[in-house]
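Presented below is the structure to which this report refers.
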Amino acid sequence: DAGVIQSPRHEVTEMGQEVTLRCKPISGHNSLFWYRQTMMRGLELLIYFNNNVPIDDSGMPEDRFSAKMPNASFSTLKIQPSEPRDSAVYFCASSSILTSGSYNEQFFGPGTRLTVL
Amino acid sequence: AQSVTQPDIHITVSEGASLELRCNYSYGATPYLFWYVQSPGQGLQLLLKYFSGDTLVQGIKGFEAEFKRSQSSFNLRKPSVHWSDAAEYFCAVGAYTGNQFYFGTGTSLTVIP
């Protein structure tokens, strides 16, 4: 398996522009997580999906952020409009749900480094 | 409330020395426990995990961790550190039941020659 795939790996954009980050989870995984990592705030969980359904989006910083998972093999995180404070590395991770209802380990993608000028 | 604490923000060790990174968790039920490593510019990679059974868990790259329920700890150890181990290390706890997964704030490891 190719692992979790994220694109683009780097994104530089100007303030006010729309940014779309993409993620392809590992085949067979039924949970997907979006994280943001910054020096100041560390690793933050933004939102996660189980079986393509958003379960908890309480980590999404504000309405400018939205995430979708139209099918089991694809998810997007959109920022519109983008602001300089959104500059960070955004990680996607996928996992499988165990029979107990808990999660197996999460597998992380390489991340998208976003710079908003 | 559930939480994971990594009390050491930054640790420096000499190459060849032993290493222990601390992790304490607060969780009311039986936890699943994980250690991840993040090299500069990379994503997080799983080092090891504990679900049940033997409380001493072996992982990749020569790392091990010991689950101590009485101390609510899951400390990561390595007997002899290599320069390539310099990275950020994250402890994480998952619920035995239910959809929760929490990461600690990370410990940055520097290895000096």
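What average number of partner chain Cβ atoms lie no more than 10 Å from the Cβ of the residues making up B:41-48?
For this peptide, the per-residue mean of nearby foreign Cβ atoms is 5.
For residue B:105 and residue B:71, what is the calculated FRET efficiency with R₀ set at 22 Å and r taken between the beta-carbons, to the nearest 0.05?
The computed FRET efficiency comes out at 0.70.
For the protein assembly as shown, give the magnitude of the charge dipole about the Cα centre (Cβ charges: +1 Lys/Arg, -1 Asp/Glu; no others), in debye to the nearest 20.
200
Cα atoms only, chain A: Rg and Dmax in Å?
Here Rg and the maximum Cα pair distance are 13.7, 45 Å.
Extending each Cα 7 Å along its Cβ direction at residue B:112 and residue A:73, get the distance between those two points in nm, one decimal.
Label-label distance for residue B:112 and residue A:73, simple model: 5.2 nm.
If each residue's Cβ is checked for other Cβ atoms within 10 Å, how do B:93, B:13 rank with the fewest at the top?
B:13, B:93
Please give the charge dipole size of chain A, origin at the Cα centre, charges +1 on K and R Cβ atoms and -1 on D and E Cβ atoms. Round to the nearest 20 debye.
200
Just to confirm a number: summing +1 for Lys and Arg and -1 for Asp and Glu over residues other than residue B:16 whose beta-carbon lies under 14 angstrom from that of residue B:16, what do you get?
-1
Check cross-link reach from residue B:78 to the lysines: straight Cα distance under 20 Å, and skip same-chain residues fewer than eight apart.
B:49, B:61, B:68
Does a label point 7 Å from the Cα of residue B:22, set along Cα-to-beta-carbon, have any residues of the range A:34-73 with amide nitrogen under 18 Å, and which are they?
No residues fall inside that zone.
Hey, which lysines would be in cross-link range of residue A:24, C-alpha to C-alpha under 18 Å, not counting anything within fewer than 8 residues on its own chain?
Partners within reach: A:68, A:78.
For the protein assembly as shown, what is the percent of antiparallel DSSP beta bridges, rounded to the nearest 5?
90
So, with +1 on the Cβ of K and R and -1 on the Cβ of D and E, and no other charges, what is the size of the charge dipole of chain B about its Cα centre, to the nearest 20 debye?
220
Residue B:54 to residue B:5: FRET efficiency via 1/(1 + (r/R0)^6), r the Cβ-Cβ distance, R0 22 Å, to the nearest 0.05?
0.35
Rule-based calculations on the coordinates, nothing more; no lab input. Computed from a predicted structure; not experimentally measured. All Cβ positions, even for glycine, are placed from backbone atoms using ideal geometry, and neighbour counts span all protein chains on display.
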